[in-house]
Amino acid sequence: MPPALFSLTLAAFGIGTTEFVVMGLLPSLAHALHVSIPDAGHLVSAYALGVVVGAPLLTLAARRLPARTTLLSLMGLFTLGNVATALAPNAAVMLVTRFVAGLPHGAFFGVGAVVAAGMVSADRTAKAVSMMFLGLALANIAGVPLGTYLGTTLGWRWTFVVVAAIGALSVIAIALMIPRREPHERAAVPTGVRDELAAFRRGDVWLALGTVTVGFASVFTVYSYVAPLLTEAAGFSPTSVSSLLVLLGVGMTVGNILGGRAADRALIPSLYAALAALAVVLVLFALAVPVKAAAVVGLFATGVTGFSLGPIMQTYAMSKAPGSASLISAAVQSAFNIANSLGAYLGGLALSAGLGYTAPVWLGAALALLGLVQAAIVTAASRRRTASGRRSQA
């Protein structure tokens, strides 16, 4: 893999840390900000909403800029957003700063995925994209546990100070490692906004994005409330959550690598297999939670199956409209974070309804099955489209 990919991995590490660390800090944030755990979960939704809004708007706004300039600008905004979060005086202001910090997320991964794919041959596209997404997985091994530890020992503000520092380092790394202009850059990008948006006239593109949303909502329904699940349902001490999050991060890293390799070999079968495996694992995890040893295994398996979906779904959606890869890739990030917000919301509803701390896990399993059904519908629609095109040519 080209060394320049590692600058994208570092940036993704910072982005993943700020996105996921709130989930590990929910009990501490709820206490410090004087709100309930479901209300603290709105901080997850605020960031996700920022991604949803920022992904298409910033991608279109920067479509004529060099990729390197775009990436640097986006990470600069990310860094400032996390500085503002560290300084937020209350929960209301923190909702706003989390929204701002989320704005560059989707556009960064949208442009970054295209840059990563352009660095390698076509048969290694998913693997290159997975290298960037590896930063998200590594965030859950090191960034989130460290941020959780800092938040519970020194105070939550220090968590976001560290995240801002990672953002600043990634700006430096991108400036040094990404060439001023890649040979492939913007070669396949349409010249007008209408051309960029033309891909969204296709039904299979929307179905693919819907599959991403539902499939990943199953992951975030569980992950958003993993800290109270481990402490209240499994009986682990609050101090052990950080080490358990490291284990979850290891599972995510393994899943990300496996998903990238599987997508390059057989994209559609890999998508089916990942969604089916996630549904089965979540059912077993829900049953295993009361037994600590079994809960640990279930947590690791959830990380593997859940994050194997990342590079698979990113590559899958991009394949639907290769001429608008940057915008489609950014739209995938919007879908990921709609899933993030939806998962946090649905999980919070289940908890507020008094269904117990395992309820989000059962709900996640149901959403994974629904995602599998949607994937089958997308595939059937694509096959009909291809068959119709061949008949019209004949």
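Overall, region 5-386 carries a charge dipole of about 860 debye about its Cα centre when +1 sits on the Cβ of Lys and Arg and -1 on the Cβ of Asp and Glu, all other atoms neutral.
Taking every full run of DSSP H in the chain, the ones that stretch at least 15 Å from end to end by Cα along their long axis and average 1.6 or higher on the Kyte-Doolittle scale are 42-61, 156-177, 267-288. Sorted fewest first by neighbouring Cβ atoms within 10 angstrom, R261, R384 come out as R384, R261. Computed over the chain, the percent of Cα pairs more than 28 Å apart is 41.
One chain, two ends: S237 and V373. Fully extended at 0.36 nm per residue, the span grows by 45.1 nm beyond their Cα-Cα distance.
The residues W156, W362, W206, when put in order of fewest to most other Cβ atoms within 10 Å, stand as W206, W362, W156.
When the helices of the chain are scored as -39500 (n - 2.57) per DSSP H run of n ≥ 4 and the total is divided over every residue, the value at 222 nm lands at -27500 deg cm²/dmol. Once the Cβ-Cβ distance of R180 and K292 is raised to the sixth power relative to R0 = 51 Å, the FRET efficiency obtained is 0.45. For I166, I268, I312, I257, the sequence from fewest to most other C-beta atoms within 10 Å is I268, I257, I166, I312.
Under the criterion of Cα pairs below 8 Å and six or more residues apart, the relative contact order for the chain equals 27 percent.
Between W206 and L65, residue separation times 0.36 nm minus the direct Cα-Cα distance comes to 48.1 nm.
Readers should treat all values here as calculations from the given coordinates under stated rules, not as data from a laboratory. Predicted model, so just to flag it, every value in this text is computed and none were measured. When we count neighbours, we look across all protein chains shown, and the Cβ atoms used for this are built from the backbone with ideal geometry, even at glycine.
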